[in-house]
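Quick note: the coordinates plus some simple rules give every number you see, no bench work behind them. Keep in mind it's a predicted model, so treat the numbers as computed, not measured. As a convention, Cβ positions derive from the backbone with ideal geometry for all residues, glycine included, and neighbour counts pool all protein chains shown.
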Amino acid sequence: MLAYNLQTAEGDFITDYDYERGSKVAVLGSNVKNTLFGDDDPVGQRIRLGSNIVTVTGVLQSKGATMGSSDDAILVPLTALQQMVAQTRTSRGERVVSSIAVTVSDVKQTTDVVDEITSLLRSRHQIGPGVGDDFRVTSMEEISSTLQQTMNTMTLLLGAIAAISLLVGGIGVMNIMLVSVLERTREIGIRKALGAKERDIWTQFLTEAAFLTLAGGIIGVIVGWGASSLTSRLTSITTLVSSDIVLLAISVSVGIGLFFGFYPAWNASRLDPVEALRSE
């Protein structure tokens with residue numbers, strides 16, 4: 001319980017007395033509780049584990065949808081499990097323990113604790129110098145580092161995909177605006193003949209490009225929000241659409257429009273009014 005920082009939301013956790021006696025009791029994860037009992041109180045109820053009947057003493061607090069979450073677990077005393085399930089034994093007749101969880105009082109001592117545990121296990125397993133370990137000691141720092149590296153890799157991958165998508169979209173916006181300038185050459189000539197300055201033409205087409213990408217950004221946010229809500233309803237993955245992400249997405253969309261719309265707007269502003277009026 002301490003090693004995994006598990007707390008009960010209902011009832012009690014497994015006690016030392018339960019462990020010493022090998023009591024057939026169980027503590028349920030929140031998802032297991034909801035599946036088996038719904039809104040009913042499970043504490044004191046009995047459930048069947050294979051051919052064994054155990055009594056529910058508590059329900060764990062929900063940890064959320066994480067890898068190996070305790071929400072989907074059923075915990076029983078180790079001594080009771082050894083009685084209920086046939087286990088292999090060592091040459092001395094001792095029961096095999098596949099894993100041990102240890103917690104340290106000071107995070108700074110994690111490396112020293114790992115080294116001491118490794119040394120102790122090598123001595124207990126009679127492993128000589130130069131021989132590889134027949135066990136594995138993993139700390140949360142190592143797991144956290146691995147997850148962080150994985151997340152960084154995924155971030156770079158998604159960033160690259162997003163950058164390519166923005167580049168392709170930006171080129172599309174620029175092409176659309178160039179076609180618009182070509183089709184409206186006579187309009188530009190008339191505006192210039194009536195006194196419009198290059199700045200006015202440039203602002204007009206740049207604003208149109210910004211509004212074009214703004215509309216695309218709003219549509220993308222709506223589609224993303226709908227996909228996020230659908231994912232939350234159909235799967236166990238919890239998604240969240242925050243306001244800062246929405247603002248960032250729309251801002252990037254407008255920025256892309258301004259950046260890639262600059263050249264078409266500049267090209268339109270530089271047209272010669274005489275030549276533009278001759279255009280059909």
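Listing for the model above:
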quantity	calculated
Any hit, the stretch 131-139, residues being in contact with a helix residue (DSSP H, G or I) (Cβ under 9 Å, 6 or more places away or on another chain), in a helix (DSSP H, G or I) and free of Cβ contacts under 8 Å to residues at least 12 places away in the same chain	no
Single residue of Ile171, Ile190, Ile143 found to be closer than 16 Å to Gln204 by Cβ, hydrophobic (A, V, I, L, M, F, W, C) and surrounded by fewer than 16 Cβ atoms within 10 Å (Cβ to Cβ)	Ile190
Pair list, Cβ under 6 Å, 6 or more apart: the stretch 105-124 residue among the hydroxyl-bearing types (Ser, Thr, Tyr), other residue surrounded by 12 or more Cβ atoms within 10 Å (Cβ to Cβ)	Thr110/Val104; Thr110/Ser139; Thr110/Glu141; Thr118/Val137
Pairs, first within 11 Å of Val25 (Cα to Cα) in the stretch 37-62, second acidic (Asp, Glu), C-beta under 8 Å, six or more apart	Val43/Glu10; Thr57/Asp12; Thr57/Asp18; Gly58/Glu10; Gly58/Asp12
Selection from the stretch 140-183 of residues that are in contact (Cβ under 8 Å) with a residue 12 or more places away in the chain and more than 30 Å from Val113 (Cα to Cα)	Leu166, Gly169, Gly170, Ile171, Val173, Met174, Ile176, Met177, Leu178, Ser180, Val181
